[in-house]
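What follows is a single structure, written as structure tokens, with notes after it.
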Amino acid sequence: MKNIYLDDDESAAGHRFNGRATLRWTPTEQWDISFIADMLDSDDKTGFMRYAVGPNTTDRFEVSHDEETEKRIEENNSQILKINYKSESFKVTSLTGVTYGSYAKSNDSDMYSNPKKRIYNEYSYDARQYSQEIRVNSLNEGNFQWLAGLFGFLEENSRDHKNTNKTKGKLVHNHVFDMEAQGFAAFGQATYTMLDRLHVMAGLRFDYQDMQGDYVNKATGLELQQDLECRELLPKFSLSYDVADGVMAYATVAKGYLVGGYNWRRDPEENTFDYEPEYSWNYEAGLKSTWLNNRLMANLSLFYITVDDKQVSIVDPDTTLYTIENAAKAYSYGLEVELKARPVSGLELFANFGFNQCKFDEFISTGWNSSYTEVVTQDMAGNYLPYAPPYTFSAGIQYRAECGFMARADVFGTGKFYADAANTVEQEGYELVNLKIGYEGKNWDIYFWVKNLFDQEYFVMMGAQSGGSNFYATDGGPRTFGVTVAYRF
């Protein structure tokens, strides 16, 4: 990315370091103990959002921002202690985790070089979580298999979000939000096999979370506090039948659940500070099969999902800012097909196709009109959900020779989709072609690769600017060449 206003050709440059280490101890055949630690340290620039439609449009991979200090600094680390114990009839797994993360970002909020409206955005985030899970599952090969477990967590996080009008020297917003959360879950699942071919599975999970949110806007003095308590029983049922050797038919019904939360970045009021959970029922049926001595795999699944109290983003008519509400019913149905073939040794062909109709069933929304000058009421029923294309597909070919040589070519494609519930911000369908060639040795590998071979233009994120006719977007990656080297020791 290049910032043409500041003549900076590294406006989206990134510098990142990742590390991971595992220490494993197996004192006996029954005990397997691992300590896993990882970390991330990044120092990136954030000048990558541009206007793609409207009077302030810039060319692909170019922005026109008037702020020099656009950065994103992120530090994360986690530690996990995993303990497995096996007896002759059951296995116990304990997972103890600690995660810490901090994030600080600054960017040109108006995303354009406009001396009359210089809005600067600053955001920071700090969080720590402690978690513990214990699972017990059966190991016998009988007709009855089972699993049971408990999970609990404690979390603390704080956020600070500032918007400053540098032209007027005025602090517009300064949202400060602190949250403490704790929760636990108890779950179990059992499978019983009848007549050697019919498998009946039933599962149940009880999920509970309690959150305390405190908010203050230091620019206006507004203070809010709200406790949220979410609890739900989540059942799951499944039937599967072994039609023949390598062929299984199945059907599954499960309840889904997404916990509620807080509107802390958008000048909330008492009645808009929090939102409730959303719920779904998921139905799936399909066929999994292998043929020709495992040289051909063919899987098919059909699904139907209903969603109630869907969490949606709307424009508040009083503040003209975006907020989240439980305001909609939605549904999704479709199918997925997966094919994989190995006609000769070392050669693999694969293809996947997904068809999905994901739409609002009921949704009366408030949003900007077509000229983005007034907030109006809109009926979104029948519109596609954001970022839900009607179809996706992928296909490819890969060859691995016994001498270590390998080559791969694949293509990914998606249909048209929208970035907003009103279906006005549109991304046309596109296809990406990738190539890879290399050598795989006993202890080392080397690959030469190219992504987006034909330099396809597309967006990975889009949106509409309130109060204007600009659409903003982030460009998808261009044609990219690279080399990857791996060494195992």
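The values are calculated or read from the model by the stated rules, or taken from the named source; none is laboratory data. Everything numeric in this text was worked out from a predicted model, so none of it was measured. Cβ atoms come from the backbone with ideal geometry, glycine included; neighbour counts cover every protein chain shown. Surface accessibility is based on the protein's heavy atoms, side chains included, excluding ligands, DNA and RNA. Shrake-Rupley method; radii C 1.70, N 1.55, O 1.52, S 1.80 Å.
Out of curiosity, is Y112 open to solvent by less than 50 Å² (accessible area, probe 1.4 Å) and under 30 Å from I4 (Cβ atoms)? No, not satisfied. The residues in segment 440-452 that are assigned to a strand (DSSP E or B), open to solvent by 50 Å² or more (accessible area, probe 1.4 Å) and over 18 Å from I397 (Cβ atoms) can be counted, and the count is 1. Could you tell me whether segment 215-237 includes any residue that is surrounded by 15 or more Cβ atoms within 10 Å (Cβ to Cβ), in a strand (DSSP E or B), at pLDDT 95 or above and of a type in the set (S, T, N, Q)? No - not one qualifying residue is present in segment 215-237. Considering only segment 337-353, I want to know if a residue exists there that is closer than 30 Å to A464 by Cα and of a type outside the set (K, R). No, segment 337-353 contains no residue that is closer than 30 Å to A464 by Cα and of a type outside the set (K, R).
Of the residues making up segment 85-105, those that are of a type in the set (A, V, I, L, M, F, W, C) and farther than 12 Å from Q30 by Cβ are L95, V98, A104. Beta carbons closer than 7 Å, at least 6 apart along the sequence or on distinct chains, never pair a first residue in segment 145-157 that is without any contact (Cβ under 8 Å) to a residue 24 or more places away in the chain with a second that is open to solvent by 40 Å² or more (accessible area, probe 1.4 Å). Inspect all residues belonging to segment 275-289 and state whether any of them is buried (at least 18 other Cβ atoms within 10 Å of the Cβ), under 29 Å from the mean Cα position of the chain (by Cα), farther than 30 Å from N157 by Cα and among the small types (G, A, S). Yes, segment 275-289 contains at least one residue that is buried (at least 18 other Cβ atoms within 10 Å of the Cβ), under 29 Å from the mean Cα position of the chain (by Cα), farther than 30 Å from N157 by Cα and among the small types (G, A, S). For segment 252-274, give me each residue that is part of a strand (DSSP E or B), among the β-branched types (V, I, T) and open to solvent by less than 40 Å² (accessible area, probe 1.4 Å). Within segment 252-274, T252 is the sole residue that qualifies.
Taken together, the criteria exclude T319 from residues that are part of a strand (DSSP E or B), farther than 29 Å from Y391 by Cβ, modelled with pLDDT under 85 and open to solvent by less than 50 Å² (accessible area, probe 1.4 Å). If you scan segment 168-195, which residues turn out to be surrounded by 15 or more Cβ atoms within 10 Å (Cβ to Cβ) and hydroxyl-bearing (S, T, Y)? Hits for segment 168-195 are T191, T193. Within segment 90-108, restricting attention to residues that are of a type in the set (S, T, N, Q) and out of contact with any Ser or Thr (no Cβ under 7 Å at 6 or more places or on another chain), the residue that is least open to solvent (accessible area, probe 1.4 Å) is T93.
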